[in-house]
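Participant: Sharing a structure here in structure tokens format.
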Amino acid sequence: MIEYWGEGARQGARVNDGRGASALRRMRSRLACVAIMAAFVPCAAQAQRAITLRDAIDLAQRHGLQARAAASARDASRRRDQAFTSRRLPQLSLTGDLPSYNRAIIPVLQPDGSTEFRAQRQTDASLNLLMSQRLPFTGGSLFVSSELSRLEVRGQRDFRNWSSTPLALGIQQDILRPNAFKWDGREQDLRAERAERQYLEAREDVAIAATQAFFDLYTARLGLENETRNAAVNDTLYTLNKGRFEVGKIGENDLLQSELALLRARTSVDGARLTYDRAMAAFRLAINAGADTPVDIAVTDEIPELVADTALAVEQALRNRSQAFDLQLQEVQARRRITEARLTNGIGATLRATVGLNQTAGDVNAAYRDLLNQQRFSLALSMPIVQWGARINDIQAARADRERTAATGRLAREQLIQEAHFAALQLSQSRRQLALSAKADTVAAKRFEVAYNRYVIGKIDMDNLYFAQNEKNQALTQYLQSLRGYWVAYYGLRRTTLYDFVTGTVIR
């Protein structure tokens, strides 16, 4: 745990002095104005529990617009993956013509060998029920079909005929051709896993954005409170200095310096109020809260006790990040392009074989009786003879693309290693810096207390007082920046590695 948490950030300047009682009474009256000025600061209803950082991140991840977009992208990817898996299962389809009509004058061969043109009307109708299954190891297709056709002709000679194939079992297989079905499966598995990791990274991006908005609001709130206190203190000092000037204890230059400091403090209050309003609007947008929803935040003093080991960070980043799966996908695609370039334009063949039962008759019922055997076999061969080096050049281009993919992949991997390594170091450094800035804030606030009390009793001059006030403001700003930087580094390490170092588990 961090030992020092900046008393100036939590309590502001405490002013007390045993000998300057009258000045302190005037100081208390001026500080009463703080409550009135704070009324202009938007705040949450007292009955509502203040939102902690963890609450803000939960709200942003559950209700934020950025989180909704990430969830929609994940759901779309899951649906595409389910659709791809469904297409790998047996597919059942029904096709046909109901009917196909043709009326035309056609040449008709006569018994004496002559040809005459006759008018003819022909009606075709067919239905085919087909179930097919892709074969993952060969890339071919196995299918079972059942078909019924009807042909009716009216013209010189009218006739009607039915043809049935109640059952046919067949296979179609490409030979010496790429197995696209197998490559598609490999790529889809990597795409699906990459999409899941991208969603987890998007959630951590939401956590980082919510953290930044949370501490921007916290910084703006404390900045407004600090500037309001500074204005009250400078108002009291100006009143005190006017009295001293009237009795000749200080010169006019010191009085003008005090008045100028008061005017600057009031200007800073206006700027701090605008910064607060802007930060509040950004925070509401981050958690998707309505403009009328009361919002209040609270920063706890809990800091995770963890040691971000750089070796563990690199290991988890290489194992969990979507970029690792993207590199694997690029490698698979590069190998696929080489295979396709080598096999697509070379010697190949397509085998198609079917066995089944069929019959034809003038009546539909008779077309299903006394079935006869049906066998079909075909082997289509493709053999390019002259390509003028096209196939070789395609192969060399694919291999060059694979070398490029390998080089860029190694570069991306090394960059990922460095990102995880330095993210772990950044968290450790941010923790040390937070401890130092918290101590500095406490010291600076105490120093301003002492300087103010000594100025009231006339022990130090005005320059030393304002110097102490500026140091207090700077220490508060540095403390707030360090606090924000630590939590951004903490969630940045989670995003870089997709690993929770507090629980020692992978983020799911």
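Laboratory data are not the source of any read-out in this text; all were calculated from the coordinates shown. Keep in mind that what you see is a predicted model, and the values were worked out from it rather than measured. Heads up, the Cβs are rebuilt from the backbone with ideal geometry, glycines too, and the neighbour counts pull from every protein chain shown.
Participant: Taking the Cα centre of each part, how many Å lie between region 463-485 and region 223-260?
Facilitator: Cα centres, region 463-485 to region 223-260: 20 Å.
Participant: PRE reach from VAL355 (point 7 Å along Cα→Cβ): which of region 164-182 fall under 18 Å by backbone N?
Facilitator: 165-173
Participant: Please arrange MET383, MET280 by counting, for each residue, the other beta carbons lying within 10 Å of its beta carbon, fewest first.
Facilitator: Arranged by neighbour count, lowest to highest, MET383, MET280 become MET383, MET280.
Participant: On alpha-carbon atoms, Rg over Rh for region 422-508 using Kirkwood Rh?
Facilitator: Radius of gyration over Kirkwood radius for region 422-508 works out to 1.26.
Participant: Label points 7 Å out from Cα along the Cβ direction at ASP124 and VAL247: separation in nm?
Facilitator: 11.8 nm
Participant: At q = 0.10 Å⁻¹, what is the base-10 log of I(q)/I(0) for region 295-394 according to the Debye formula with one equal point scatterer per Cα and no solvent? Please give it to two decimals.
Facilitator: After summing over all Cα pairs, the log10 values are -0.72.
Participant: Given the C-alpha atoms of region 224-268, compute the convex hull and give its volume per residue in Å³.
Facilitator: On the way: hull volume 2.0 nm³, N = 45.
Measuring per residue, one finds 45 Å³ for the Cα hull of region 224-268.
Participant: Output the relative contact order of the chain, whole-number percent, from Cα pairs under 8 angstrom with separation of 6+ residues.
Facilitator: So the answer I get is 23 percent.
Participant: What's the local net charge at ARG49, with K and R +1, D and E -1, over the other residues with C-beta under 14 Å away?
Facilitator: Taking every other residue near ARG49 into account, the sum is -2.
Participant: Moving on to the next point. Just to check, using Stokes-Einstein with a Kirkwood Rh over alpha carbon pairs, what's the diffusion coefficient of region 89-164 at 20 °C and 1.002 mPa s in µm²/s?
Facilitator: Result for D is 140 µm²/s.
Participant: So what's the chain giving for Rg/Rh, alpha carbon basis, Kirkwood Rh from the mean inverse pair distance?
Facilitator: Answer for the chain: 1.31.
Participant: Hey, quick one: spin label on ARG78, modelled 7 Å out along Cα-Cβ, who in region 181-218 has an amide N within reach, i.e. under 20 Å?
Facilitator: Residues passing the 20 Å test: 188-207.
Participant: Quick one: plug the Kirkwood hydrodynamic radius of region 263-326 (C-alpha pairs) into Stokes-Einstein at 4 °C, 1.567 mPa s, and report D in µm²/s.
Facilitator: The Stokes-Einstein estimate is 78 µm²/s.
Participant: A further question on this structure: Would you tally the net charge around PHE181, using a Cβ to Cβ cut-off of less than 14 Å, leaving PHE181 out, and scoring K and R as +1, D and E as -1? Before the final figure, lay out the partial values.
Facilitator: Details: positive: ARG87, ARG88, ARG134, ARG177, LYS182, ARG186, ARG336; negative: ASP174, ASP184, GLU187, ASP189, GLU340.
Once all neighbours under 14 Å are counted, the net charge is +2.
Participant: One-quarter of the Cα convex hull surface for region 166-262, in nm²?
Facilitator: 14.8 nm²
Participant: A follow-up question, please. For SER382, SER482, what ranking results if the residue with the fewest other Cβ atoms within 10 Å of its Cβ goes first?
Facilitator: Taking fewest neighbouring Cβ atoms as first place, the list is SER382, SER482.
Participant: So for VAL299, VAL364, fewest C-beta neighbours within 10 Å to most, what's the order? Don't skip to the end; give the middle numbers.
Facilitator: Values: VAL299 19, VAL364 12.
Going from least to most buried by this count: VAL364, VAL299.
Participant: State, to one decimal in nm, how far the label point of ARG508 lies from the label point of LEU318, with both points 7 Å from Cα in the Cβ direction.
Facilitator: Label at ARG508, label at LEU318, 2.4 nm between them.
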